[in-house]
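Below: the structure, in structure tokens.
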Amino acid sequence: MLNVAAFLDATAGRMPSASAVVHDGRRYSYAQILKETNRVANGLRAQGLGRGSRIALACNNRPGFLAAYYGILKIGAVAVVLSTTLRQRDILFQLEDSGAEALLCFEGCGDRAYADEALPAAEAAPLCSKVWIIPARTDGASAVAGYPALADLMAGQPDRCATQSYAADETAVILYTSGSTGRPKGVELTQSNLTAMVRINRALAAPEATAVRLVSTPLFHVMGQICGLNLAVLNGETMVLVERFDPGLIWGLIVEEAVTYFVHMPIYYRYLLDRADAVNTAAVRRTLRLCATGGAPLQDDLLAAFRARFGLALVPGYGLTEATSIVAWGGDMALPRATTVGKVVPGVEAIVADAAGRALGPEEHGEILVRGPGVMKGYLNMPDTTHARLKDGWLHSGDIGRFDGFGRLDVLGRVDDKILRGEEHIYPAEVETVLKGHPAVCDAAVVGVPDAILGQEAKTFVVLKEGCRLSGGDLLGWLARALPDGKCPGLVQFQASLPLTPTGKVARHLLR
């Protein structure tokens with residue numbers, strides 16, 4: 001059956017009492033999650049929603065996300081999964097662009113009242129006529145006056161619901177890109193995309209390494225849905241859901257829940273290490289088996305420090321929303337550079353190509369093209385952009401890369417990020433990797449800025465480690481000695497932090 005909701009049916013039938021979710025001190029069995037999912041599905045049907053209906057879901061990592069997500073998919077509807085960091089204008093755009101007829105929305109977390117942004121957007125969206133609030137507990141009351149809770153949608157509904165199958169090319173999920181380079185695009189993924197890539201990911205790690213997954217990567221992101229949710233449900237694993245990145249909380253849960261698997265962006269591992277003074281290192285070493293990362297180069301000093309403290313390598317990977325997550329995986333292979341992400345995974349094809357789409361040889365730079373069962377259906381309401389990115393079955397990723405002589409892939413940045421300074425080509429990821437090797441540098445990003453003579457100049461934005469001081473001239477001098485001729489940025493700017501997208505990538509369009 002083409003529906004990842006069938007994974008939940010099967011696992012709940014096979015191991016009903018097993019722990020599916022741990023959240024905020026409460027445990028939810030697979031039987032309980034399935035029962036609530038079925039009630040949501042039946043409640044949506046009672047509201048006149050069904051096959052093909054587009055239903056928006058905006059919720060942090062809490063049990064209600066599962067009930068809503070699988071409930072939508074059970075009835076053959078389209079889950080329009082929204083970021084929980086958006087402001088009203090962007091929420092309204094995505095509700096209108098997707099044609100969402102209803103919204104299942106959490107109230108917010110911490111000091112962020114997400115509902116204050118989402119509810120006015122839903123009221124303004126012409127087709128979005130129904131809204132339900134998802135509280136921290138699935139049986140909880142609505143925290144927003146005048147709006148019913150998820151429990152109200154489930155009230156009086158049967159515990160059973162047949163799972164619908166989707167046609168191979170039928171859209172099941174719409175995910176909006178993070179917008180690191182501008183306005184987000186709606187990526188249409190099919191159940192064929194989802195089920196195939198869950199199974200491909202399944203083969204990449206031993207079962208004992210993923211038995212208990214701590215999921216702090218947002219479930220609205222493709223990595224969260226494939227590796228944090230659908231794969232865990234298929235395997236019958238426990239998901240420890242964390243709604244906000246709190247290093248102390250995460251270290252505590254790793255020990256208390258015997259977490260075996262964790263995945264996040266490299267910068268978050270640095271945050272974890274910076275706040276690891278009180279961690280029971282021996283307890284972490286006993287339980288943690290696999291730590292994965294992606295989305296940015298993995299620095300040698302971070303890798304070495306994590307391995308020295310906890311006895312584990314950080315395993316990089318490379319994926320795209322448009323490819324339904326994984327393309328390349330580091331596994332246990334040697335990684336010669338911080339930009340190396342491993343080899344292309346079985347079941348997926350990738351080449352590095354020139355502007356005409358011809359495959360290039362080892363060590364040649366070009367655009368990464370991807371082909372396989374995870375390649376998206378297309379961009380919602382954007383046929384011209386879809387045609388430009390999907391050619392002859394190949395997804396043009398927009399990322400610049402190279403293969404080495406052993407088939408290992410390096411990801412060097414975005415095609416749009418490549419800086420043309422006169423006749424010099426500067427790839428930001430290469431420069432950033434060297435920059436982050438400076439003992440005083442915590443984080444860095446390199447972008448192109450206009451230059452009246454050269455066309456573009458490379459400008460580096462630098463975040464220093466706490467207590468460190470460094471002049472721009474000293475840093476550029478050090479960098480010029482560490483980089484090949486013509487690769488050193490001409491400008492430097494220090495700042496307290498770098499702007500990030502909801503998934504932790506640098507929002508380069510905000511750096512100028």
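The values are calculated or read from the model by the stated rules, or taken from the named source; none is laboratory data. All figures in this text were calculated on a predicted structure; none of them were measured in a lab. Ideal geometry is used to build each Cβ from the backbone, glycine not excepted, and the neighbour counts take in all protein chains shown.
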Looking at the stretch 312-335, which of the residues that are at pLDDT 95 or above, in contact with a helix residue (DSSP H, G or I) (Cβ under 7 Å, 6 or more places away or on another chain) and assigned to a strand (DSSP E or B) is farthest from residue 228 (Cα to Cα)? 314
Residue 16 passes all but one of (1) in contact with a Phe, Trp or Tyr (Cβ under 7 Å, 6 or more places away or on another chain); (2) touching a residue at least 60 places away in the same chain (Cβ under 8 Å); which number fails? (2)
Considering each of 321, 238, 340, 293 in turn, give the residue that is assigned by TED's automatic domain parsing to the domain that holds residue 400, β-branched (Val, Ile, Thr), buried (at least 18 other Cβ atoms within 10 Å of the Cβ) and touching an Asp or Glu at 6+ places or on another chain (Cβ under 7 Å). 340
Restricted to the stretch 387-411 and to residues being charged (D, E, K, R) and farther than 21 Å from residue 433 by Cα, the residue surrounded by the most Cβ atoms within 10 Å (Cβ to Cβ) is 389
Which pairs do you get when a residue that is closer than 12 Å to residue 21 by Cβ and assigned by TED's automatic domain parsing to the domain that holds residue 109, found in the stretch 59-77, comes within reach of a residue that is part of a loop (DSSP other than H, G, I, E, B) and hydrophobic (A, V, I, L, M, F, W, C), reach meaning Cβ atoms under 7 angstrom, with the pair 6+ apart or on two chains? 61/219; 61/242; 62/136; 65/59; 65/219
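Okay, residues lined up against (1) touching a helix residue (DSSP H, G or I) at 6+ places or on another chain (Cβ under 7 Å); (2) modelled with pLDDT of 90 or more; (3) under 24 Å from residue 421 (Cα atoms):
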| residue | (1), (2), (3) |
| --- | --- |
| 470 | no, yes, no |
| 473 | no, yes, yes |
| 477 | no, yes, yes |
| 482 | yes, no, yes |
| 492 | yes, yes, yes |
| 496 | no, yes, no |
| 503 | no, no, no |
| 510 | no, no, yes |
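Each row is one residue, and each column tells you yes or no for (1) closer than 21 Å to residue 329 by Cα; (2) part of a loop (DSSP other than H, G, I, E, B); (3) of a type outside the set (Ser, Thr, Tyr).
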residue: 361; (1), (2), (3): yes, yes, yes
residue: 397; (1), (2), (3): yes, no, no
residue: 416; (1), (2), (3): no, no, yes
residue: 420; (1), (2), (3): no, no, yes
residue: 438; (1), (2), (3): no, yes, yes
Pull up the stretch 216-258, narrow it to residues that are over 21 Å from residue 302 (Cα atoms) and among the β-branched types (Val, Ile, Thr), then point me to the one that is farthest from the chain's Cα centre (by Cα). 255
In the stretch 164-178, which residue that is of a type outside the set (A, V, I, L, M) and more than 16 Å from residue 218 (Cβ to Cβ) is modelled with the lowest pLDDT? 169
State all residues of the stretch 66-109 that are polar (S, T, N, Q), assigned to a loop (DSSP other than H, G, I, E, B) and more than 19 Å from residue 226 (Cα to Cα); if no residue qualifies, say none. 85
